[in-house]
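To start, the structure under review is shown below, and the notes come after it.
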Amino acid sequence: MIEIYIVYACLTCYIMSMSIEKMTKLPPVEVGYIKNPKLPIITFLLDVSNAGCAASHAHPRGQLIYASKGTMRVICDGERWIVPDSQAVWVPSYIEHEVYFPGEVTLSNLFVDSSFMSGLPDKCTVIQVSALLRELILKLSLTTDYDEDSETYRLVLVILDELKQAKVTDIYLPMATDERVMRVIEALMSDPSDKRGLAEWGIVAGASSRTLSRLFVSETGFTFGDWRKRLVLQEAIDRLGSGVDVTTVSIDLGYQSMSAFIQMFRSALGVSPGKYVNNSISNR
């Protein structure tokens, strides 16, 4: 059995490295280097698929890395996150970062001039994108240029205020670098309702259950169970925020009863799913 694990792990590493090598390499975005306080925000739009940064980089403008569609992997200042379209990552000026897009993604990034970053986080931060902020970003993305007397400039100032008030999300998902852990993470992201335990996932990953358990903690900072719960919560929040009813969400995420799902949700976040959604709407 040990020999099987070793062979499987080697095969997994090879497949993962090949998939990264096949990604389209994206150069740093040029607008990130434009210093012009007359343009507080410059937008950057791009549809990408199976792509990633050619190298770690930094630029003088702060950046809101936001995918209005799809999921990103963001590496920033030594931390790694899996970021869905309900969240974004704020990157201050001159902070090294990388971004990868394993699927189809629509980027709606904002580059903020350094003279307008007062009140914004001074470190890489995962924020929750409210419905209002999302719509403001999408509206701004339709404009390529503006002046200080324009409606667009006023829209930019509103967006900056919204960014300063954006909530730092508690339900962020740390990513891993170990291919065995990432194999499990990828599978769970495809099906968050999967209830397999560590022993079964160990076979998939090519590691013993004990090794996989240890790797999850060292790679993500969370136990396997806690990481999976965060994934379920993130999925639940996304679906509830999109208008899916609690019963459907609980079934889709593998819960035998709605009451069990509500109990898990309340235990983690302190409120019921319905109240959480209502509070999010009222705070927009």
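FYI, it's all coordinate maths here, none of it is from the lab. Because the structure is predicted, anything quoted here is derived from the model rather than measured. Positions of Cβ are backbone-derived with ideal geometry, glycine not excepted, and every protein chain shown enters the neighbour counts.
At a glance:
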{"read-out": "Whole-Å semi-axes of the ellipsoid equivalent to segment 123-183 (Cα gyration tensor, √5λ, descending)", "value": "33, 14, 10"}
{"read-out": "Sorted peptide list for 167-176, 31-40, 203-212, criterion being average Cβ within 10 angstrom, highest first", "value": "203-212, 167-176, 31-40"}
{"read-out": "Order by protection proxy (mean Cβ within 10 Å, highest first), peptides 127-136, 192-201, 57-66", "value": "57-66, 127-136, 192-201"}
{"read-out": "Segment S272-V168, extension gain: residue separation times 0.36 nm, minus the distance between their alpha carbons", "value": "35.5 nm"}
{"read-out": "Solution diffusion estimate, µm²/s, Stokes-Einstein, segment 176-282, Kirkwood Rh from C-alpha pairs, 10 °C, viscosity 1.306 mPa s", "value": "109 µm²/s"}
{"read-out": "Note, ³J(HN,Hα) from phi for segment 165-176, Karplus 6.51, -1.76, 1.60, rounded to Hz, x at Gly and Pro", "value": "9, 4, 7, 6, 6, 8, 9, 7, 10, x, 9, 10"}
{"read-out": "Amide H within-cut-off set for T125, under 5 Å, with H built and near neighbours excluded", "value": "W90"}
{"read-out": "Degrees separating the helix 131-140 axis from the principal Cα axis of the chain, which is the longest one", "value": "50 degrees"}
{"read-out": "Distant alpha-carbon pairs in segment 24-165 (separation over 18 angstrom), percent", "value": "51 percent"}
{"read-out": "Per-residue ³J(HN,Hα) for segment 115-124, Karplus 6.51 cos²θ - 1.76 cosθ + 1.60, θ = phi - 60°, Hz, x for Gly and Pro", "value": "6, 10, 9, 4, x, 8, x, 9, 9, 4"}
{"read-out": "Volume per residue that the Cα convex hull of the chain spans, once the total is divided by residue count, Å³", "value": "125 Å³"}
{"read-out": "C-alpha center-to-center spacing [segment 143-190, segment 85-137] in angstrom", "value": "4 Å"}
{"read-out": "For the chain, calculated [θ]222 nm from helices alone, where every DSSP H run of n ≥ 4 adds -39500 (n - 2.57)", "value": "-13500 deg cm²/dmol"}
